[in-house]
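To start, the structure itself, in structure tokens.
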Amino acid sequence: PIDREDVGTLKFSVVAKDKGANPKTARTQVTITIRDTNDNRPVIEIRGFGLVTHQGGVANISEDVPVETPVALVQVSDIDEGVNAAVTCVVAGDVPFQLKQVSDTGTDSKKKYFLQTTTSLDYESVKEYTIEIVAVDSGNPPLSSTNSLKVQVTDVNDNAPVFSQSLMEVVFPENNDINDLVMEVSATDADSGSNAQLHYSILPDPSARGVFSINPDSGQIRVNMVLDREQREHYDFHVVAVDKGIPSLKGTASVVITVLDRNDNDPKFMLNGYNFSVMENMPRLSPVGMVTVIDADKGENARIQLSVEPESGEFVIQNGTGTILSSISFDREHQSTYTFRLKAVDGGDPPRSSYVGVTINVLDENDNAPVIVVPSNISYKYLTPDTHPGTQVNSVRAEDMDTGVNAELVYSIASGNPFELFQISPNNGEVTLEKTIIRKHHGLHRLVVRVNDKGKPSRHGTALVHFYINETLTNQTFVETLLGHSQDTPLDID
């Protein structure tokens with residue numbers, strides 16, 4: 001078969017020769033032009049261009065190249081001729097590349113194109129493209145061919161590290177061991193290679209200096225000291241992740257560490273001991289005092305329950321206010337002092353407790369009248385007429401179960417001293433004869449002695465003090481009859 005692409009024209013001579021005895025010949029030149037048929041597909045050649053390197057059908061291009069950067073030089077040819085060699089070349093598919101014809105090439109059968117970018121490339125979005133170039137001639141039927149180029153986008157450090165959270169919060173218990181792991185922070189970098197290799201650090205912060213450290217490679221944050229929530233409950237600082245690109249980029253995040261309370265503090269009473277004074281005869285469930293107790297812990301570890309020890313039933317305490325209430329009405333004359341302990345227990349697990357002593361002093365109320373001890377109301381003193389004035393003739397003694405001014409006594413003669421023969425000492429109750437005894441003074445004398453305390457209001461007691469004046473005491477029955485009459489006589493009658 002004849003192939004136009006090998007031999008486009010056939011030229012030869014044709015000789016005609018007769019068969020005569022002396023043959024004659026004639027010669028003519030024949031030229032045959034081979035007409036083309038579309039039997040060759042276009043050929044696509046792809047070569048590197050400029051600074052873009054090609055190796056093994058792969059081109060490498062940085063993601064930060066400008067738009068319309070040439071990636072390759074594409075040459076398309078077709079060894080047919082005419083319309084069979086008129087080639088159209090395009091980039092197939094949806095890729096950010098296009099062909100731009102080189103202006104100094106003009107034949108239809110051989111064209112050169114720049115394969116160039118149409119948009120900005122982003123390594124983090126698409127790392128690799130397979131570009132298929134299709135060339136179609138204009139024959140009937142047309143023939144086509146394809147060639148492809150793999151374009152690998154190389155990374156540029158255009159992405160800063162990003163932490164998984166911009167604010168990271170963690171709760172960490174107090175009384176930890178040094179070098180305990182607190183938390184682990186993590187950042188990612190959309191770049192690759194050294195551009196995505198991260199180094200972690202803590203931004204200098206005076207409030208957290210030296211308290212925490214971070215592993216530069218893993219992001220593990222550890223504590224360098226024993227934390228005490230009662231000293232400080234919150235720590236906040238910033239962590240930084242820096243990549244190893246040139247120049248490097250960094251990302252930051254906030255870290256808030258809340259120190260979790262542990263029950264490491266006993267409840268504490270504000271005083272080492274409590275002394276309260278209360279009036280006797282107060283109604284039951286009257287407040288007698290208040291205590292204050294604190295716990296440096298938090299939450300249940302600081303929720304305090306108060307109780308009275310021993311549980312005698314005499315006192316109770318309100319948990320919310322610390323108010324001590326009496327369960328009884330006090331009688332100072334029965335008991336003037338009460339002592340007990342208060343126990344404070346927190347709600348921790350295990351709970352912690354403390355104790356404090358409490359003394360309740362019952363103050364006196366003037367609720368007792370003086371009581372005459374001597375003399376008896378049915379007794380008497382015998383006086384002879386020659387008893388000298390100024391002689392102590394009797395003594396009244398009274399007692400008061402109260403205390404203080406409520407038990408300080410004043411003695412006086414309320415009635416029964418018509419001749420003013422007798423006088424009583426207001427302080428000690430001693431009765432003295434004030435006048436010389438004369439005849440009209442003979443007989444039974446009844447003094448109504450009143451003993452008042454100094455309480456407010458004052459209370460009093462009354463005594464009958466009898467004196468019998470006569471030369472002799474021969475008829476005691478008569479005197480006793482007079483005493484009986486005295487007992488029946490109202491006190492306000494002399």
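What follows is calculated from the coordinates using simple rules that are stated; it is not laboratory data. Computed from a prediction, not measured in an experiment: that's the story for all the values here. Here the Cβ is made from the backbone with ideal geometry for all residues, glycine too, and neighbour counts use every protein chain on show.
Side notes on the structure shown:
- Between segment 381-402 and segment 432-494, the alpha-carbon centres lie 11 Å apart.
- For residue 60, the residues whose modelled amide H falls within less than 5 Å of its own, excluding neighbours fewer than 5 places apart on the same chain, are 53, 152.
- Charge sum, other residues only, whose C-beta stays under 13 Å from residue 3's C-beta, Lys/Arg counted +1 and Asp/Glu -1: -4
- Only the Cβ atoms of Lys and Arg (+1) and of Asp and Glu (-1) were treated as charged; on that basis the dipole of segment 419-494 about its Cα centre amounts to roughly 260 debye.
- For a straight C-alpha distance cut-off of 16 angstrom, the lysines reachable from residue 110 (same-chain residues fewer than eight places away being disregarded) are 100.
- Separation in nanometres of the label points that stand 7 Å from Cα toward Cβ, at residue 377 and residue 427: 3.0 nm
- Mean ellipticity per residue at 222 nm, deg cm²/dmol - from DSSP H runs of n ≥ 4 across the chain, formula -39500 (n - 2.57): -1000 deg cm²/dmol
- Spatially proximal aspartates and glutamates relative to residue 454 (Cα-Cα < 15 Å; intrachain offsets below 8 disregarded): 364, 365, 367, 399, 400, 402, 408
- Among residues other than residue 239 with Cβ under 14 Å from its Cβ, the summed charge is -3 (Lys and Arg +1, Asp and Glu -1).
- When +1 charges are put on Lys and Arg Cβ atoms and -1 charges on Asp and Glu Cβ atoms, the dipole computed for the chain relative to its Cα centre reaches about 1160 debye.
- Among beta bridges from DSSP that stay inside the chain, the antiparallel ones total about 85%.
- Neighbour counts of C-beta atoms inside 10 Å place 270, 282 in the sequence 270, 282, starting with the fewest.
- Segment 7-143 pair-distance distribution - Cα-Cα, 5 Å bins, rounded %: 2, 9, 14, 15, 12, 9, 7, 6, 5, 4, 4, 3, 3, 2, 2, 1, 1, 0, 0
- Pairs from the table (111/150; 127/244; 268/298; 150/250) lying more than 24 angstrom apart at Cα are 150/250.
- Likely footprinting exposure, 376, 77, fewest C-beta neighbours within 10 Å first: 376, 77
- Note on residue 112: aspartates and glutamates with a C-alpha under 14 Å away, same-chain residues under 8 apart excluded, are 45, 78, 104.
- Put simply, the amide H of residue 282, placed in the peptide plane, has neighbours under 5 Å in 330, leaving out anything fewer than 5 places away on its chain.
- Amide H contacts under 5 Å for residue 102, placed H, 5+ residues apart: 112, 113, 114
- Loop trypsin sites (Lys or Arg not before Pro), segment 12-77 (other Cβ atoms within 10 Å of the site Cβ: 15 or fewer; DSSP): 19, 24, 35
- The residues 439, 232, when put in order of fewest to most other Cβ atoms within 10 Å, stand as 439, 232.
- DSSP-defined beta bridges in segment 162-260 - what % are antiparallel, rounded to 5: 75 percent
- Among 253, 322, 225 - extreme Cα towards positive end, dipole of the chain, charges at beta-carbon: 253
- Folded to 0 to 90 degrees: helix 476-488 orientation relative to the chain principal axis, Cα: 40 degrees
- Our note on the geometry: Cα centres of segment 124-188 and segment 20-96, 38 Å apart.
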